[in-house]
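A.B. asks: Submitted below is the structure of interest, expressed as structure tokens.
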Amino acid sequence: MRKTISITLMSLIAALALGCKQEPAPKPAAHPAKTESGAKSEPGTYEKQKVVYHINYNDEKELKGAMRNVQNHINAVGKENLDLKVVMHGNGVDLLKQANDNPDMQSTVINLKKQGIGFQVCANTLKGKKINYKNDLFDVSESDIVPSGVAEIAALQQKGYSYVKP
């Protein structure tokens, strides 16, 4: 009986030892190379991305922050790896209203457009708020106007765009 208990106990210890075998820790996910300041050293570490930024507020500080987010996104991913659209509706169209009178916001919009960022404006908002896009909004053409801002966001998500609400 003692022999049976010893064999059973040894079998149990061996089974536990095999089950608790130390595996090497998994390698962490690849992250962009960082400089000493913590900034990413070069674009291109990320794969191609399709992103829609949703803007429906008109607070000047928040709008500036959102545009900084877009530029930081470009800096991290690289403009060649990014298909990014900013869709504005409701109070969000004030971003381009403010750009009419604010040289800093104008410069930001121009710079982002030069990097391939699309700015899309909701036709429902233009109609509902009686906004003339040619006179009231900065650098908007007819091709920038979408029938519905929220429907455009949903359609872009269906096409694989990631949603960001800065």
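The values are calculated or read from the model by the stated rules, or taken from the named source; none is laboratory data. Predicted model, so just to flag it, every value in this text is computed and none were measured. Every residue, glycine among them, receives a Cβ derived from its backbone with ideal geometry; neighbour counts consider all protein chains shown.
A.B. asks: Going through the stretch 137-166 one residue at a time, which ones are among the small types (Gly, Ala, Ser) and part of a loop (DSSP other than H, G, I, E, B)?
C.D. replies: Passing the criteria: SER141, SER148, GLY160.
A.B. asks: Out of LYS50, LYS64, which single residue is surrounded by fewer than 18 Cβ atoms within 10 Å (Cβ to Cβ) and not in a helix (DSSP H, G or I)?
C.D. replies: Answer to the selection: LYS50.
A.B. asks: State whether the residues of the stretch 81-90 include one that is hydrophobic (A, V, I, L, M, F, W, C), within 23 Å of PRO147 (Cα to Cα) and in contact with a Cys (Cβ under 7 Å, 6 or more places away or on another chain).
C.D. replies: Yes: the stretch 81-90 contains one or more residues that are hydrophobic (A, V, I, L, M, F, W, C), within 23 Å of PRO147 (Cα to Cα) and in contact with a Cys (Cβ under 7 Å, 6 or more places away or on another chain).
A.B. asks: Report, by residue number, each residue of the stretch 94-109 that is surrounded by fewer than 13 Cβ atoms within 10 Å (Cβ to Cβ) and either in contact with a Gly (Cβ under 9 Å, 6 or more places away or on another chain) or farther than 19 Å from LYS130 by Cβ (or both).
C.D. replies: Initially, the stretch 94-109 is screened for residues surrounded by fewer than 13 Cβ atoms within 10 Å (Cβ to Cβ), giving 101, 103-104, 107.
Passing the criteria: PRO103, ASP104, SER107.
A.B. asks: Quick check, is ILE131 assigned to a loop (DSSP other than H, G, I, E, B), out of contact with any helix residue (DSSP H, G or I) (no Cβ under 6 Å at 6 or more places or on another chain) and of a type outside the set (Lys, Arg)?
C.D. replies: yes
A.B. asks: Among the residues of the stretch 116-155, which ones are surrounded by 15 or more Cβ atoms within 10 Å (Cβ to Cβ) and either at pLDDT below 95 or polar (S, T, N, Q) (or both)?
C.D. replies: GLN120, ASN124, THR125, SER148
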